[in-house]
Amino acid sequence: MGLIFAKSRPGRTGVTLPLKDVPVECKLDKRYLRGKDAELPSVSEPEVVRHFTNLSKMNFSVDSNFYPLGSCTMKYNPKITEKIAAMEEFVSLHPLAPQLIRGGMLTQGALEITSNLEKVLCKITGMDEFTTHPMAGAHGELTGVMIIAAYHRNNGNRKKHILIPDSGHGTNPASAAIAGYDVITIKSDKNGVMDLGEFKEKLNEDTAAVMLTCPNTLGIFNPDIKKISDLAHKAGALMYYDGANLNAILGKARPGDLGFDIVHLNLHKTFATPHGGGGPGSGPVGVKKDLEPFLPISRIVKRSDGTFTLDYDKSLSIGYMSPFYGNFAVMLKAYAYILLLGREGLIEVSENAVLNANYLKVKLEGHYDIPYSEVCFHEFVLSASKQLKKGVKAIDIAKALIDEGIHPPTVYFPLIVREAMMIEPTETESKETLDKFIDVMIELALKAEEDPGVFKSFPRNAPVCRPDEVKAVKDMDIADV
Amino acid sequence: MMMPDDLKYTKDHEWVRIEGSEAVLGITEHAQSELGDITFIELPETEKEVNQSDTVATIESVKAASDIYAPLSGKIVGVNELLKDAPESINRSPYKDGWICRINIKNPEEQDNLMSAAEYEKFLQGE
Amino acid sequence: MSYIPHAKCDQQKMLEEIGISSGNIDELFSGIPEELRALSFDLPQGRSEFEVEKYIKGLAKKNATDLVHFLGGGFYDHYIPAAVDAIVSRPEFYTAYTPYQPEASQGTLQATYEYQSCICRLTGMEASNASLYDGGTALYEAAMMALRATGRNKIIMDGGVNPIYRKMMYSYTTNLSIEFVETPVSHGQSDRDRIYEYLDDKTAAVILQNPNFFGAIDDHVDIADKCHSYGALLVESVYPISLGILKTPREMGADITTGEGQSLGIPLSFGGPYLGFMAVKKDLVRKMPGRIVGATVDMNGKRSYVLTLQTREQHIRREKANSNICSNEALCALRALVYMTMIGKEGIKKVAQLCLDKAEYAKQKLSEIKGVEVKRSSPTFNEFIVRLPKDPNMVIGKLIDKGITPGFPLGRYYADMEDYMLIAVTEKRTKQEIVVFAGALEEALWG
């Protein structure tokens, strides 16, 4: 499809602006003005709408396709939450309003919702306090690691490193490094969990924290998790829970009960806010009581008269992680989702997410290698190593799935599994959808045996087929200017 | 897989050619095939002093980035400028056109840590 | 309500097939040792759509709506064309994930490429990323990028940079050893003498904002030259609507530009989600954080779009990545793109000029009030400061009661500006609203 710029014609516009109603013509000195106009396209509204509608049709999405992208929790996004977030009373609310004198009274509804969300997230995770400020999961991680640093500094310690298992999300080591810590990677053992022996060896008085996902990216719950947190605490380290996989254990286990001190959640995963093609997300962070003083500014406080206000006076706080209170519109959708589902509904989420993953795993065993074979949680990892012997790689199977209208699983992650395909069906898929996926996957496994050569031509029905990524890097054509 | 006898090798799949007081380094045939199409290399600055195992360069393919470590301590005295525009030379000719940089050797005894071609071949089989 | 399609019988059948003959779904969780099970899960019962909507509507009513905003401070009440909402409401866009599989996401990828192109055209820069969280984190990322690019560790930051962003900058860098110098604003503009006093060959970047927090416009060409003579980079935080007419960061000689994209079709929404944009000169692309979309061709030679230069990112480089950012603000970037295509080349100039003219009219009206001093030491765009003869907080309180948010009290962030208020005027404000505002202010002061 052509670029929007190709549709541009001088004199066209998509917006009629109000006529100027003030008797002023303000002219600035030339040195403050741009030399030539910004070459934004000149297009009419019908053309704009058609262009983007046609573009949208080239996307796979949860509303149109099965999307078992591992570790991303691509579940259905309820429509009512969109409607709620679009309420004018929220959309038009200025974030600086609460900083005006008596301005807090203008935003009581928004503050109450934020406070309610903090409380309910505490109950879900077993933590004592939450902040909603982080704007994505990785942003939550950075907030968490900065809280860890502030806590140790306040205790007069200068810890040096953070321990992270090799199956962890790439954001974990990146967040730790950006907050000034060295990263020590711990190998996974043959069961797919962090090697306890190596962990004990690397854990020492310089360890600031241990960052874990549980269940991990292989879909395995570490049965020694309590032992690990006890050892970490004894060594003076804190336990950080990467909540990307919380969908697996809602109502069954809580990070707070497992000995974790800090947790971040991905509201766009577990709590069904849409991913938006890569954001916006929301990554609230929860902590145990001892760490509350270090949470970002500002904090919501409930006054004795039942109204809410914001506290900016926190001497030990890590400071400002976001300009205001986080991605409020995203938080609002997650809050509505939690109210809709309630206790039983959230338990059903984890039960069915885990059921669906195990159903797929059992049905696909025998056709693909499964490097870690015990009962999985919300996701599991297949390896295409068997198919590779015939020259068919995980990426080839991924591309073949696109022709079947199925979004491919996460491929080549976690890094510790060769030809990895990480599959997370989520709870919002029907048995028929899962059965169809199983049939397609089995068929592809057979095809890999019989006609491996054909895979290189997949996908055949997509708008494009195997774009040249080497050329993209070399040409570096990243803007039409 | 090609691994010339006159070179020394490291466990990080780099090769070293000793030329008097200087060492030339690059990555092996095996390393380039694992990386795939190389799209970019960040070269070290000349005159920089490096210790054995320090990162001296980073090689990127589309989906991976791989650090290149100094096999020996010393001063960087030359870099292969051609790689800036043609990093794919490393894929095409890892042992010749694809050399990365030249180090003036500080501690000749560090050479004892390097492998011969036969040893490297054995190492590859064990991996 | 849990949006799970399975009927009880489906569930039972599936449990049987995976070897759980008891039919007890909880057996799937046997991997969690009994003593590690949740101690409690004390949540209310789920409710129907209708009840939840009604309950939240009740809370929504506790927010004040229909306020006439003269409140800005970097976040503005601009008009959002209906088509923007319509397009981002297409589920093909909003229920998709990051475009990791190009064949299944050409829509998002091409839109992102067009977004990057529009940001470049607007700012005059050569390369843009696919977006960052917000203007504040974008500025922090720019500072980190300057440190990486120069290998230096000193940053000079102008006091006219949004105070919230400056606070964020200090918070983010607490654990790193970076030397920060902050220079005050002089007569509304960047204080050259003070900046040059600190500028040296250890400086990684000078960070400026245009228009600055007080709304004042500047031309930073001279500062850029001086920066470059020391090998330092110029980072310029900008207000995208103003670029309809104002000199671009590129024309000023900036190496990196960032900003808050909220004014480009994104609602105020009580602070987010917003849009951090970042654009740079081409030679800095590899140091830039965040996702980038590039054009290429597919197997059949057809033009295609892919995520590119991914080796900078955390999922490949882990602890050595340029940044830890993963999710960006893709849907907000799409909003900005649709806004920019709707408003177009002529529209963006008109909006900017309307803002400028209406703000000038407001200045005139307010300066007619006894004791109100409109600062005119430097030209401004759509925001300006006034000195009030009485406590701004008192005035603000009184005007809020009349349904007007009159502006922001600068004393909150600048100790020596207790008497000042920052006032913003967008294209949405009418002559009538400005007249009413002036009248209400006069009454609050002297009535």
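The values are calculated or read from the model by the stated rules, or taken from the named source; none is laboratory data. Remember, it's a predicted structure, so these values are computed and weren't measured experimentally. So basically every Cβ, Gly included, is an ideal-geometry build from the backbone, and we count neighbours across all protein chains shown.
Consider C:Tyr76 against the criteria (1) within 8 Å of chain A (Cβ to nearest Cβ); (2) surrounded by 22 or more Cβ atoms within 10 Å (Cβ to Cβ): it satisfies all of them except one. Which criterion is unmet?
So the condition that C:Tyr76 fails would be (1).
Looking at the stretch C:185-238 only, could you name the residues that are in a strand (DSSP E or B), surrounded by fewer than 24 Cβ atoms within 10 Å (Cβ to Cβ) and touching an Asp or Glu at 6+ places or on another chain (Cβ under 7 Å)?
Here is the first cut: in the stretch C:185-238, the ones in a strand (DSSP E or B) are C:185-186, C:189-190, C:203-210, C:216, C:233-238.
When the remaining residues are screened for being surrounded by fewer than 24 Cβ atoms within 10 Å (Cβ to Cβ), the result is C:185-186, C:189, C:203.
The answer is C:Val185, C:Gln189.
Determine which single condition C:Phe50 fails, assuming it passes every other condition in (1) facing another protein chain (nearest Cβ under 7 Å); (2) part of a helix (DSSP H, G or I); (3) within 24 Å of A:Leu332 (Cα to Cα).
Of (1) facing another protein chain (nearest Cβ under 7 Å); (2) part of a helix (DSSP H, G or I); (3) within 24 Å of A:Leu332 (Cα to Cα), only one is false for C:Phe50: (1).
Looking at the structure I just gave you, is A:Ala472 facing chain C (nearest Cβ under 7 Å), of a type outside the set (Val, Ile, Thr) and surrounded by fewer than 23 Cβ atoms within 10 Å (Cβ to Cβ)? Full working, then the answer.
Numbers: facing chain C (nearest Cβ under 7 Å): yes; of a type outside the set (Val, Ile, Thr): yes; surrounded by fewer than 23 Cβ atoms within 10 Å (Cβ to Cβ): no.
The answer is no for A:Ala472.
Give me the pairs: first residue in the stretch C:330-353 and closer than 22 Å to C:Leu268 by Cβ, second residue surrounded by fewer than 24 Cβ atoms within 10 Å (Cβ to Cβ) and among the charged types (D, E, K, R), beta-carbon distance under 7 Å, and six or more apart or on different chains, which are they?
C:Met342/A:Glu45; C:Val351/C:Glu427
Quick check: anything in the stretch A:440-454 within 13 Å of another protein chain (Cβ to nearest Cβ), under 30 Å from A:Gly168 (Cβ atoms) and either assigned to a helix (DSSP H, G or I) or aromatic (Phe, Trp, Tyr) (or both)? If you could, list the steps in order and put the result at the bottom.
Residues of the stretch A:440-454 that are within 13 Å of another protein chain (Cβ to nearest Cβ), as a first pass: none.
No, the stretch A:440-454 has no match at all.
At least 2 residues that are closer than 30 Å to A:Val411 by Cβ and either in contact with an Asp or Glu (Cβ under 6 Å, 6 or more places away or on another chain) or in contact (Cβ under 8 Å) with a residue 60 or more places away in the chain (or both) in each: list the strands (runs of 3 or more DSSP E) lying fully within the stretch A:208-316 that qualify.
Numbers: elements: A:238-243, A:262-265, A:285-287, A:299-302, A:308-311.
Passing ranges, in order: A:238-243, A:262-265.
Considering only residues of the stretch A:87-131 that are among the β-branched types (Val, Ile, Thr) and under 30 Å from C:Ser40 (Cβ atoms), which is surrounded by the fewest Cβ atoms within 10 Å (Cβ to Cβ)?
At the first step, the residues of the stretch A:87-131 found to be among the β-branched types (Val, Ile, Thr) are A:91, A:101, A:107, A:113-114, A:120, A:124-125, A:131.
Filter once more, so that each one left must be under 30 Å from C:Ser40 (Cβ atoms): A:113-114, A:120, A:124-125, A:131.
Numbers: A:Ile113: 24, A:Thr114: 27, A:Val120: 18, A:Ile124: 28, A:Thr125: 24, A:Thr131: 31.
If we take residues in the stretch A:87-131 being among the β-branched types (Val, Ile, Thr) and under 30 Å from C:Ser40 (Cβ atoms), then A:Val120 is surrounded by the fewest Cβ atoms within 10 Å (Cβ to Cβ).
Scanning for something touching a strand residue (DSSP E or B) at 6+ places or on another chain (Cβ under 9 Å), more than 12 Å from chain C (Cβ to nearest Cβ), more than 14 Å from A:Met135 (Cα to Cα) and among the basic types (Lys, Arg), does the stretch A:233-241 turn up at least one residue? Before you say what the answer is, go through the steps one by one.
The first filter runs over the stretch A:233-241 and keeps only residues touching a strand residue (DSSP E or B) at 6+ places or on another chain (Cβ under 9 Å), leaving A:233, A:235-241.
The next check asks that each one be more than 12 Å from chain C (Cβ to nearest Cβ); those that pass are A:233, A:235-241.
Within this subset, residues satisfying the condition of being more than 14 Å from A:Met135 (Cα to Cα) are A:233, A:235-241.
With among the basic types (Lys, Arg) added as a condition, the list becomes none.
No, the stretch A:233-241 contains no residue that is touching a strand residue (DSSP E or B) at 6+ places or on another chain (Cβ under 9 Å), more than 12 Å from chain C (Cβ to nearest Cβ), more than 14 Å from A:Met135 (Cα to Cα) and among the basic types (Lys, Arg).
Here is a check on your reading of the model: is A:Ile395 closer than 29 Å to A:Ile186 by Cβ, modelled with pLDDT of 95 or more and in a helix (DSSP H, G or I)?
Judged against the criteria, A:Ile395 is a match.
Looking only at the stretch B:1-30, count every residue that is out of contact with any Gly (no Cβ under 9 Å at 6 or more places or on another chain) and of a type in the set (Val, Ile, Thr) and tell me the total.
Final tally of qualifying residues: 3.
Regarding the stretch C:340-358, can at least one residue be identified that is at pLDDT 95 or above, crowded, with 24+ Cβ neighbours inside 10 Å and of a type in the set (D, E, K, R)?
yes
Look through the stretch A:68-86, keep the residues that are facing another protein chain (nearest Cβ under 7 Å), surrounded by 23 or more Cβ atoms within 10 Å (Cβ to Cβ) and under 30 Å from A:Gly168 (Cβ atoms), and return whichever of them is farthest from the chain's Cα centre (by Cα).
By that ranking, first place goes to A:Asn77.
I want to confirm something. Restricting to the stretch C:422-447 and keeping residues that are of a type in the set (A, V, I, L, M, F, W, C) and over 28 Å from C:Gly265 (Cβ atoms), which single residue is farthest from the other protein chains (Cβ to nearest Cβ)? Give the steps one after another, and end with the answer.
Our first condition is that a residue be of a type in the set (A, V, I, L, M, F, W, C); within the stretch C:422-447, this holds for C:422-425, C:434-438, C:440-441, C:444-446.
Subset that is over 28 Å from C:Gly265 (Cβ atoms): C:435, C:438, C:440-441, C:444-446.
Details: C:Val435: 10, C:Ala438: 12, C:Ala440: 15, C:Leu441: 15, C:Ala444: 12, C:Leu445: 15, C:Trp446: 19 Å.
Looking at the filtered set, the residue picked out is C:Trp446.
Results for (1) in contact (Cβ under 8 Å) with a residue 60 or more places away in the chain; (2) within 9 Å of chain A (Cβ to nearest Cβ), shown as yes or no for each residue.
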{"residue": "C:Gly135", "(1), (2)": "yes, yes"}
{"residue": "C:Ala138", "(1), (2)": "yes, no"}
{"residue": "C:Ala142", "(1), (2)": "yes, no"}
{"residue": "C:Leu147", "(1), (2)": "no, no"}
{"residue": "C:Gly151", "(1), (2)": "no, no"}
{"residue": "C:Met157", "(1), (2)": "no, no"}
{"residue": "C:Tyr165", "(1), (2)": "yes, yes"}
{"residue": "C:Ser171", "(1), (2)": "no, yes"}
{"residue": "C:Thr174", "(1), (2)": "no, yes"}
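Output the residues belonging to the stretch C:419-447 that are exposed (fewer than 15 other Cβ atoms within 10 Å of the Cβ), more than 27 Å from the chain's Cα centre (by Cα) and not aliphatic (A, V, I, L, M). Break it down stepwise before answering.
Start the filter on the stretch C:419-447 by keeping residues that are exposed (fewer than 15 other Cβ atoms within 10 Å of the Cβ), which leaves C:430, C:432, C:435, C:439, C:443, C:446-447.
Now drop any that are not more than 27 Å from the chain's Cα centre (by Cα), which leaves C:432, C:435, C:439, C:443, C:446-447.
Once the filter is applied, which keeps residues that are exposed (fewer than 15 other Cβ atoms within 10 Å of the Cβ), more than 27 Å from the chain's Cα centre (by Cα) and not aliphatic (A, V, I, L, M), the stretch C:419-447 yields C:Gln432, C:Gly439, C:Glu443, C:Trp446, C:Gly447.
Between a residue in the stretch A:154-181 that is modelled with pLDDT under 90 and any residue that is among the charged types (D, E, K, R) and part of a helix (DSSP H, G or I), which pairs come within a Cβ distance under 8 Å, given they are 6 or more apart or on different chains?
Note: pairs meeting the criteria are A:Gly170/C:Arg317; A:Gly170/C:Arg318.
Does C:Ala130 satisfy the criteria of being under 29 Å from C:Asn324 (Cβ atoms), under 16 Å from the mean Cα position of the chain (by Cα), touching a residue at least 24 places away in the same chain (Cβ under 8 Å) and in the same structural domain as C:Val293 (by TED's automatic domain parsing)?
Details: under 29 Å from C:Asn324 (Cβ atoms): yes; under 16 Å from the mean Cα position of the chain (by Cα): yes; touching a residue at least 24 places away in the same chain (Cβ under 8 Å): yes; in the same structural domain as C:Val293 (by TED's automatic domain parsing): yes.
Answer is yes for this residue.
Assuming A:Glu379 fulfils every condition listed in (1) surrounded by 24 or more Cβ atoms within 10 Å (Cβ to Cβ); (2) in the same structural domain as A:Pro98 (by TED's automatic domain parsing); (3) of a type in the set (D, E, K, R) apart from one, which condition is it?
Among (1) surrounded by 24 or more Cβ atoms within 10 Å (Cβ to Cβ); (2) in the same structural domain as A:Pro98 (by TED's automatic domain parsing); (3) of a type in the set (D, E, K, R), the lone unmet condition for A:Glu379 is (2).
How do the pairs read when you match residues in the stretch C:394-418 that are assigned by TED's automatic domain parsing to the domain that holds C:Glu442 with residues anywhere that are buried (at least 19 other Cβ atoms within 10 Å of the Cβ) and polar (S, T, N, Q), using Cβ under 8 Å and keeping only pairs 6 or more apart or on different chains?
Filtered contacts from the stretch C:394-418: C:Ile396/C:Thr405; C:Leu399/C:Thr405; C:Phe408/A:Gln99; C:Arg412/A:Gln99.
Sort through A:Pro173, A:Pro98 and tell me the only one that's under 15 Å from C:Asn324 (Cα atoms) and at the interface with chain C (Cβ under 10 Å from one of its Cβ atoms).
A:Pro173
In the list C:Leu28, C:Leu39, which residue meets the criterion of being at the interface with another protein chain (Cβ under 7 Å from one of its Cβ atoms), of a type in the set (A, V, I, L, M), in a helix (DSSP H, G or I) and over 22 Å from A:Ala272 (Cα atoms)?
Values: C:Leu39 fails: in a helix (DSSP H, G or I).
On inspection, the qualifying residue turns out to be C:Leu28.
Taking A:Ser322 as meeting all but one of (1) away from chain C (no Cβ under 14 Å); (2) farther than 30 Å from A:Val375 by Cβ; (3) crowded, with 24+ Cβ neighbours inside 10 Å, write down the number of the exception.
Of everything listed in (1) away from chain C (no Cβ under 14 Å); (2) farther than 30 Å from A:Val375 by Cβ; (3) crowded, with 24+ Cβ neighbours inside 10 Å, A:Ser322 misses just condition (1).
Which is among the β-branched types (Val, Ile, Thr) and surrounded by fewer than 17 Cβ atoms within 10 Å (Cβ to Cβ), of B:Thr55, B:Thr10? Walk me through it before giving the result.
Values: B:Thr10 fails: surrounded by fewer than 17 Cβ atoms within 10 Å (Cβ to Cβ).
Answer to the check: B:Thr55.
Is there any pair with a first residue in the stretch A:427-446 that is surrounded by fewer than 19 Cβ atoms within 10 Å (Cβ to Cβ) and a second that is of a type in the set (D, E, K, R) and assigned to a loop (DSSP other than H, G, I, E, B) whose Cβ atoms are under 7 Å apart and which are 6 or more apart or on different chains, and what are they?
A:Val440/A:Glu404
Tell me which residues, restricted to the stretch C:143-184, are more than 30 Å from C:Ser378 (Cα to Cα), in a helix (DSSP H, G or I) and out of contact with any Gly (no Cβ under 9 Å at 6 or more places or on another chain).
C:Met144, C:Met145, C:Leu147, C:Arg148, C:Ala149
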